[in-house]
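Data block below; observations after.
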Amino acid sequence: MQVVETKHFGKLEYDPAEALTFPSGLPGYPEDKRFLLLDMEETNNTFFWLQSLDDGDVCFPMMDVYKAIPDYDPCVDPEELNDLGPIKGATLEIYNITVIPEEVAQTRVNLRAPVIINRAAHIGKQVICANEDYSIRYYVMEDLKRINTQEVA
């Protein structure tokens with residue numbers, strides 16, 4: 001086990017085998033190449049943290065958008081996936097960077113630039129999708145409420 005000092009979680013112990021590599025970093029954070037994907041346990045696998053292991057101050061809230069928008073279908077140039085290692089037969093996970101303001105009802109996600117993770121290869125990449133109708137500021141809470149209400153009914 002290793003330890004990283006983080007801004008949001010204090011000392012965080014982690015298994016290096018669980019680390020994800022982002023060979024190109026993330027836009028605006030090219031030096032951050034190693035991350036952990038941490039589940040926000042109280043959100044039923046809907047929201048996550050993408051915590052940098054290279055800079056403990058860098059952490060991004062992420063969302064499994066399929067929990068709110070089941071028909072989300074980002075079109076990505078296949079060449080964009082080359083950096084993800086062998087993808088034939090691999091399950092790719094898709095997350096979206098999220099902004100969670102003080103007024104939680106204004107939570108929004110970037111649908112145009114999903115983060116794709118090849119869990120088997122422990123490699124991730126943020127890509128730009130070709131779907132021009134997807135917003136970079138999609139307010140997601142109404143969809144999430146609607147889906148959760150349907151599941152309870």
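A few notes on this one:
- The relative contact order of the chain comes to 19 percent, based on Cα pairs under 8 Å that sit 6 or more residues apart.
- Heavy atoms of Asp71 accessible to a 1.4 Å probe, total area in Å² rounded to 10: 120 Å²
- Charge sum, other residues only, whose C-beta stays under 14 Å from Ile94's C-beta, Lys/Arg counted +1 and Asp/Glu -1: -1
- With a cut-off of 13 Å on the backbone N, no residue of the stretch 46-76 is near the modelled label site 7 Å out from Gln106 along Cα-Cβ.
- Among the trypsin sites (Lys or Arg not before Pro) in the stretch 28-92, those placed in a DSSP loop whose Cβ has at most 11 other Cβ atoms within 10 Å are Lys88.
- Computed from label points 7 Å out along Cα-Cβ, the spacing between Leu81 and Arg146 is 2.8 nm.
- Fraction of alpha-carbon pairs over 17 Å apart in the stretch 46-153 - percent: 57 percent
- Only protein heavy atoms count here; under a 1.4 Å probe, Phe9 has an accessible surface of about 70 Å².
- Note on the chain: with neighbouring protein chains present and a 1.4 Å probe, carbon and sulfur make up 50 percent of its accessible heavy-atom surface.
- Percentage relative contact order, the stretch 18-107, counting C-alpha pairs under 8 Å, at least six apart: 19 percent
- What the Cβ-Cβ distance of Leu92 and Glu5 gives, at R0 = 41 Å and to the nearest 0.05, is a FRET efficiency of 0.85.
- Largest-first ordering by accessible area, 1.4 Å probe, given options Ser135, Ser24: Ser24, Ser135
The values are calculated or read from the model by the stated rules, or taken from the named source; none is laboratory data. As the structure is a computational prediction, the values presented were derived from the model and not from experiment. When we count neighbours, we look across all protein chains shown, and the Cβ atoms used for this are built from the backbone with ideal geometry, even at glycine. Note: accessible area is taken over every heavy atom of the protein model, side chains too, but ligands, DNA and RNA are not part of it. Shrake-Rupley method; radii C 1.70, N 1.55, O 1.52, S 1.80 Å.
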